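Only one structure is covered here, and it is reproduced in the block below.
Coordinate-derived values only; no laboratory data. As the structure is a computational prediction, the values presented were derived from the model and not from experiment. FYI the Cβ positions are ideal-geometry reconstructions off the backbone, even for glycines, and counts take in every protein chain you see.
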Amino acid sequence: MPRMNLEGSSAIVTGGASGIGEASARQLAAAGSRVVVADLNEEKGQAVASEIGGLFVKCDVSSVEDAQACVAAASEMGPLRALVNSAGIGSAGRTVNRAGEPFDLSTFEFVIKVNLIGSFNMLAQAAAAMAKTDPVDEDGTRGAIVNMASVAAFDGQIGQCAYSASKGGVVGMTLPIARDLAAVGVRVNTIAPGLIDTPIYGEGEASEAFKANLGQSVLFPKRLGSGEELAFTVMECITNPYLNAETIRMDGGIRMPPK
């Protein structure tokens, strides 16, 4: 069975304006897909979309209406075959801080809302559209979905209670959703990135020194991963017809210490 052919199809990448999402959008476009860059950053999102011949849609991933708008925009450009759930946020804080105060519940809820509920929302809307398309092969494949978790789902550090909970939820829903969507020919996989060089670390000399130091904790190679390297695995999850219901760590072998 050959790889899934994306020529003439459409795809949605959330968080597509930067980092892992941008790298994934570029590789999907290079494979022949018309990409909806779904993000809150209009300036960067528009720029990426125009460079790759795609379309920018401003999107809050936790909004059903925004998710439907992304799906509608993609479906107009071609049958929807791929969704990459790359949008996400983090918020550091101990469950009980040094002053003895509990973690702010509204912050915890917001991280869960974006990372976990947002991923499910986009996934459900995209899968519903994929289910209505014609299969692309004799297996009955209609599409593929890639969620973005984190090694924090397994090696959550001090201060990562909300982030780890949200990403652990993404890992936990991968298999049951893949089982659900087998009936409509949609594969579902999750990638758990380690330390990846994205805009989250800032820019400049101090930032580069910080990243170089951080990279020393990676097993091999001793550096941060790139968005492009993550996108290689995104593309494998989408185009390899037998890759399904899996969570793949992409982390250079790192196992995160408590802090």
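For the range 105-119, backbone phi angles converted through the Karplus equation (6.51, -1.76, 1.60; θ = phi - 60°) give residue-by-residue couplings of 5, 5, 5, 4, 4, 5, 5, 5, 4, 6, 6, 9, 5, x, 4 Hz, Gly and Pro being listed as x.
Close amide H partners of LEU195, meaning residues 5 or more places away or on another chain with modelled amide H under 5 Å apart, are GLY225.
Per-residue Karplus couplings for the range 132-140, computed as 6.51 cos²θ - 1.76 cosθ + 1.60 with θ equal to phi - 60°, are listed in order as 8, 8, 7, x, 9, 8, 6, 6, x Hz, Gly and Pro entered as x. Applying the criteria of a DSSP loop state and at most 13 other Cβ atoms within 10 Å to the trypsin sites (Lys or Arg not before Pro) of the range 123-195 yields LYS132. May I ask for the percentage of alpha-carbon pairs in the chain that lie more than 30 Å from each other? Of the Cα pairs, 25 percent sit more than 30 Å apart. Counting only alpha carbon atoms, the long axis of helix 205-215 and the longest principal axis of the chain meet at about 80°. Count the DSSP beta bridges whose two residues both fall in the chain, then state the antiparallel fraction as a percent rounded to the nearest 5. The antiparallel proportion sits near 5 percent. Applying the Karplus relation 6.51 cos²θ - 1.76 cosθ + 1.60 with θ = phi - 60° to the range 192-197 yields 3J(HN,Hα) values of 10, x, x, 8, 10, 6 Hz, where x marks Gly and Pro. Between the residues GLY169, THR133, ILE145, the greatest Cα displacement towards the positive end of the dipole of the range 132-175, with unit charges on the Cβ of Lys, Arg, Asp and Glu, is found for GLY169. Cross-link pairs exceeding 25 Å between alpha carbons, from the set LYS222/LYS259; LYS167/LYS259; LYS44/LYS132; LYS58/LYS222; LYS113/LYS222: LYS44/LYS132; LYS58/LYS222; LYS113/LYS222. Summing Lys and Arg as +1 and Asp and Glu as -1 over all other residues whose Cβ lies under 12 Å from the Cβ of ALA73 gives a net charge of 0.
Dipole check for the range 3-140: with +1 at the C-beta of Lys and Arg, -1 at the C-beta of Asp and Glu, and the Cα centre as origin, the magnitude is about 280 Debye. Calculate how steeply helix 161-181 sits against the longest principal axis of the alpha-carbon atoms of the chain, using the helix alpha-carbon long axis, and give the answer as 0 to 90 degrees to the nearest 10. The two axes meet at around 20 degrees.
With each label modelled as a point 7 angstrom along the Cα→C-beta vector, the TYR242-LYS211 pair spans 3.7 nm.
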